[in-house]
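To keep things clear, I will list the structure first and then write my remarks on it.
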Amino acid sequence: MMNTREEQRKAKQILEEELTQYKFIAAGKVTARTHPKSFREKLDRLWNKEISIPLVPVGAALFLFLSAGSAFIISETAPDGHRELIEKGGNIYWSDLLEREETDR
């Protein structure tokens with residue numbers, strides 16, 4: 001029975017015999033892309049990096065940001081004080097809108 005070292009040597013020899021007809025000629029390109037040396041190569045590697053963005057946390061953060069922003073906008077546009085309904089000429093108006101309309105005249 002052969003031990004594992006002999007089996008590994010035999011498998012390596014068989015593999016080398018089968019691959020002798022193939023020659024890998026792009027070793028320099030692969031090395032340049034996996035181990036960048038120049039700034040340009042490093043920049044290319046950075047731009048080609050794959051990014052994964054989890055949708056649930058980003059969606060939740062976006063929802064909170066938009067709802068907080070809209071609440072802020074609504075609170076800024078809401079008039080201060082108490083609003084009352086006033087009937088004038090058979091129509092009903094909010095008191096602050098009626099005052100604003102009268103001051104514009």
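All of the numbers you see were taken from the coordinates with simple rules; none came from a lab. Model, not experiment: these values are computed from the prediction. Cβ: placed from backbone, ideal geometry, glycine included. Neighbour counts: every protein chain shown.
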(message) If I stretch the segment between residue 68 and residue 100 completely, what's the gain in nm (0.36 nm per residue apart, minus their alpha carbon distance), one decimal?
(response) 8.6 nm
(request) Please identify the helices of the chain, taking whole runs of DSSP H, that span at least 18 Å along their own axis as judged from the Cα atoms and have a mean Kyte-Doolittle score of 0.0 or higher. (result) 55-77
(request) Arrange the peptides 44-53, 31-40 so that the one whose residues have, on average, the most other Cβ atoms within 10 Å appears first. (result) 31-40, 44-53
(request) Return the calculated 222 nm mean residue ellipticity for the chain, to the nearest 500 deg cm²/dmol, obtained by summing -39500 (n - 2.57) across DSSP H runs with n ≥ 4 and dividing by the residue count. (result) -20000 deg cm²/dmol
(request) Could you please report the charge total around residue 31, scoring K, R as +1 and D, E as -1 over all other residues with beta-carbon less than 11 angstrom from its beta-carbon? (result) +2
(request) Determine the gain in length on full extension of the stretch residue 30-residue 45; use 0.36 nm per residue of separation and subtract their C-alpha separation, reporting nm with one decimal. (result) 4.2 nm
